[in-house]
Amino acid sequence: MSWDIIAIYSQTKIPKEDVLKYNFPDMGYIDVIIKNINEVVEGINWTDVEYPHISNGLYRGYFNIGIEKGICKDFWFHVYGGDDPTEVISKVCKANNWQAFDLTTGDYIDLIEPDEIGWIKFQFSRDEIRKAIENNPKLLNILKNKKWWEFWK
């Protein structure tokens, strides 16, 4: 479970209702994007360029990067923990002239003065799910024994 943010390569904000179905332009050359990110954020493990992991106190999670022939097609942030991941998200997006769309709130993150509302909402939901599972031994037993692809049955 992660807090998910889509990076959008656009100078203007796409209408919120169109974000998930919009045909976005290419985001740039991946080597330039990596260079830009490394200039503003520390603690990234680029061993797997399409799924670089980051753990620097502010952000714990990974990026999910769609790459074709050296071109970045899409870029997602998946956050598991950290104190204020909005700072990292803002820095990465500003360095690459991207917008950041928060799937939890269904709104854009203000890159100049980012707030933590989406991060707080995600943490609350995650913690409520964790409590529900911990307080229900039957559910906990099902989760331990069920394969991930069986959860939709």
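Points worth noting:
- Residues located in the stretch 83-140, provided they are farther than 26 Å from Asn38 by Cβ and of a type in the set (Ser, Thr, Tyr): Thr104, Thr105, Ser125
- Entry remark, the stretch 112-134: residues being part of a loop (DSSP other than H, G, I, E, B) and surrounded by fewer than 18 Cβ atoms within 10 Å (Cβ to Cβ) number 4 in total.
- Whichever residue in the stretch 3-26 is modelled with pLDDT of 90 or more and crowded, with 17+ Cβ neighbours inside 10 Å and, among such residues, is farthest from Gly106 (Cα to Cα): Tyr9
- Residue check, Gly66 among the small types (Gly, Ala, Ser), surrounded by fewer than 18 Cβ atoms within 10 Å (Cβ to Cβ) and either at pLDDT 90 or above or in a helix (DSSP H, G or I) (or both): yes
- Taking the criterion of being within 22 Å of Leu111 (Cβ to Cβ), free of Cβ contacts under 8 Å to residues at least 40 places away in the same chain and under 13 Å from the mean Cα position of the chain (by Cα), the residues of the stretch 43-65 that qualify are Pro52, Ile54, Tyr59, Arg60, Tyr62, Phe63, Asn64, Ile65.
- Within the stretch 86-111, residues that are free of Cβ contacts under 8 Å to residues at least 60 places away in the same chain and in a loop (DSSP other than H, G, I, E, B) have Cβ atoms under 6 Å from residues that are surrounded by fewer than 16 Cβ atoms within 10 Å (Cβ to Cβ) and among the charged types (D, E, K, R) in these pairs: Leu111/Lys94, counting only partners at least 6 apart in sequence or on another chain.
- Selection over the stretch 23-37 of residues that are under 12 Å from Tyr9 (Cβ atoms) and touching a residue at least 60 places away in the same chain (Cβ under 8 Å) gives a count of 3.
- Against the criterion of being modelled with pLDDT of 90 or more and basic (Lys, Arg), Lys131 does not qualify.
- Failed criterion for Gly106 (all others in (1) buried (at least 19 other Cβ atoms within 10 Å of the Cβ); (2) touching a helix residue (DSSP H, G or I) at 6+ places or on another chain (Cβ under 7 Å) hold): (1)
- Residue satisfying all of: in the stretch 27-54; touching a helix residue (DSSP H, G or I) at 6+ places or on another chain (Cβ under 8 Å) and assigned to a loop (DSSP other than H, G, I, E, B); surrounded by the most Cβ atoms within 10 Å (Cβ to Cβ) among these: Met27
- Every residue from the stretch 87-102 that is of a type outside the set (D, E, K, R) and crowded, with 17+ Cβ neighbours inside 10 Å: Val88, Ile89, Ser90, Val92, Cys93, Asn96, Trp98, Gln99, Ala100, Phe101
The values are calculated or read from the model by the stated rules, or taken from the named source; none is laboratory data. Quick caveat: nothing in here was measured; it's all calculated off a predicted structure. Methodologically, a virtual Cβ is constructed for each residue, glycine included, from the backbone with ideal geometry; neighbour enumeration extends over all protein chains shown.
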